[in-house]
Every structure is written in structure tokens, then in C-alpha cells.
Amino acid sequence: MKPKKILISQPKPASDKSPYYDIAKKYGVDIVFRPFIKVESVSAKEFRQQKVSVLDYTAVVFTSRHAIDHFFHLCEELRVTIPETMKYFCVTESIALYIQKYVQYRKRKVFFGATGKMEDLLPSMIKHKTEKYLVPMSDVHNDEVKNLLDKAKLQHTEVVMYRTVSNDFTPEEKFDYDMLIFFSPVGVAALQKNFPGFKQGDIAIGCFGPATAKAARDAGLRLDVEAPTNAAPSMTGALELYLKDLK
């Protein structure tokens, strides 16, 4: 059965040129952007319990825009004034440019990698090996960054500044979707939290990434669409192939 209303569990795209809009028009489906999860700052009390002082560090490493938002939000809440001498190391140029939302962008104190991988940012950090690096992290993270910086013998501290939580549905919200698309295991967990008696029935489910797919299967859900694959490296590509086969 071809779905008529599809829930994409991500924020609405900033651009009208998103491939999702092309798919909606081409296949006559209603696509709704409604995140199952949201990111929030840890409290000032929780931050203090980690016994980390921002002003003990001379550089900050940002792996996402979320990290930037919550770093500066917490600094404001803690009434910490960031010195002009603070350096910022970002995994991509777009993340580096986002810093302008909070501080004046100066190339001499903002550095970025080209690929989005920490390995690509590392040479710039090693050139500034005397810096003391602070790395804002989510509550759910692995030790990949820590291990890389340890190996490079850089002074660094990882600190939890934000967390991913369920973006709960209100009683007034309709849940009348024919298809649900998830991008993280936390999203799948949020579905179970919001709808503990959820019965999939004819509702199609798509997942991006092996960890998300595993979480869905572990939850007893049937997967109709998976990405990335050789035929469809993106979720939009996989969705289009699915809808095309149903025509």
C-alpha cells in the first residue's frame, strides 16, 4: 500500500530545495517533519558536578552546531566571559562559520577541517600542541575523540554539555501517518516511550544507519526501507526507490 502521509523524524529543512519536497510533489505524498528527539543543555548544577572550569582551557573543539549552541548557552548561564584569546577548532567550515552567532569570527583563532572527521582536524590541533583543549560532548558518545587526542599527546578534557531526549507528543497531536522514518536509535526509543502500545500494522518504517535499523528490529518493528545502500546512499534516495516500486 502506497503511503499518503510520511513522518520524517528530523527538523524541517532550512531550504525549500530539499529533495524531500521534490519527492512529495513527484509522488503525491504529504511529508511532515516532526523530530522524535530534541537536544537540550545539561543544567548548570550538572555541569559543575563534572568539576570542569571553562577558563582553565585555551581552546575549544566543536564537532557540531549543537556543541556550539550549548557551550555558549552554558557559559552564559554560568556567567563565564570567554576571553578574546580563546581558540576554536571545528570539524567543518560550516560549523566554524556558525561560531559567528556568538563571537566575532577571526581566522587567526578559528580552525577547521575539510571532511568532518576528527582525523582531518588533528594536524591543525597538533600545530597548536601547547593549547589546553576542551571538548563539549553529548551525554551519549564514544571514546573516538578522546583516543585520537590521547594518541596525539594533546592536553584535553571531554565534558558533557548537552543531551538527547525524547520530544514527546502532546495529546492533541494527531498520529495518522502511513510511514515513519528514523535516523537514530534514540528516535526509535522515543516512539516506544510516546506510544507504548504501538502496533505497526500497515505502517511502513524506514531507518537510516545500521544502529537505527538494529534498534527498530530489536523493538519488533518491520523495516520496509533501509539506507545507506549501494543503490541508495541517502535516505531520500531510498525513499524514492521505495515509492517508485509502489507505483
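Taken together, the values in this text are just the output of simple stated rules run on the coordinates, not laboratory data. Worth saying up front: this structure is predicted, and the values here are computed from it rather than measured. Ideal geometry is used to build each Cβ from the backbone, glycine not excepted, and the neighbour counts take in all protein chains shown.
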Worksheet entry | Highest-first arrangement of 165-174, 228-237, 93-102, where packing means the average Cβ count within 10 Å | 93-102, 228-237, 165-174
Worksheet item: For the stretch 40-164, what relative contact order do you get, as a whole percent, if you take Cα pairs closer than 8 Å and at least 6 residues apart?
Response: 32 percent
Worksheet entry | Antiparallel content of DSSP bridges confined to the stretch 40-164, in %, to 5 | 10 percent
Worksheet item: Shape call for the stretch 40-164 from the C-alpha gyration tensor, a ≥ b ≥ c root eigenvalues: rounded (a/c under 1.5), prolate (a/b greater than b/c) or oblate?
Response: rounded
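In the stretch 182-247, what chymotrypsin sites (Phe, Trp or Tyr not before Pro) fall in a loop by DSSP, with at most 16 other Cβ atoms inside 10 Å? All intermediate terms of the calculation are to be shown ahead of the outcome.
On the way: sites: Phe182, Phe183, Phe198, Phe208, Tyr242; in loops: Phe183, Phe198.
In loop regions of the stretch 182-247 (DSSP not H, G, I, E or B), the sparsely surrounded chymotrypsin sites (Phe, Trp or Tyr not before Pro) are Phe198.
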Worksheet item: Percent antiparallel among DSSP beta bridges with both residues in the chain, to the nearest 5?
Response: 15 percent
Worksheet, complete the sentence: Rounded to 0.05, the calculated FRET efficiency for the beta carbons of Arg65 and Lys2 at R₀ = 51 Å is 0.90
Practice prompt. Only helical DSSP H runs with n ≥ 4 go in: add -39500 (n - 2.57) per run for the chain, normalise by residue count and round the 222 nm mean residue ellipticity to 500 deg cm²/dmol.
Written response: -9500 deg cm²/dmol
Worksheet, complete the sentence: Sorted largest first, the C-alpha extents of the chain along its principal axes in whole angstrom are 60, 36, 32
Discussion item. Could you compute Rg(Cα) / (2.2 N^0.38 Å) for the stretch 128-247, with N its residue count?
Written reply: 1.41
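Could you work out the relative contact order of the chain, using alpha carbon pairs under 8 angstrom and six or more residues apart, expressed as a whole percent?
Relative contact order for the chain comes out at 21 percent.
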Practice prompt. Per residue of the stretch 166-173, in order, report the coupling 6.51 cos²θ - 1.76 cosθ + 1.60 (Karplus, θ = phi - 60°) as ³J(HN,Hα) in whole Hz, putting x for Gly and Pro.
Written response: 5, 9, 4, 7, 8, x, 7, 6
Discussion item. So if each residue of separation counts as 0.36 nm, and I subtract the Cα-Cα distance between Leu223 and Asn147, what length gain in nm does that give?
Written reply: 23.9 nm
Worksheet item: Using modelled amide H (1.01 Å from N, peptide plane; none on Pro or chain starts), what sits under 5 Å from the amide H of His156, excluding residues fewer than 5 places away?
Response: Tyr133
Fill in: Label-point separation in nm, Leu246 to Phe198, each point 7 Å along Cα→Cβ
1.7 nm
Response to the item:
In the structure shown, of Lys5/Lys101; Lys107/Lys151; Lys107/Lys129; Lys25/Lys117; Lys153/Lys214; Lys38/Lys109, the pairs separated by more than 25 angstrom at the C-alpha atoms are Lys5/Lys101; Lys107/Lys151; Lys25/Lys117; Lys153/Lys214; Lys38/Lys109
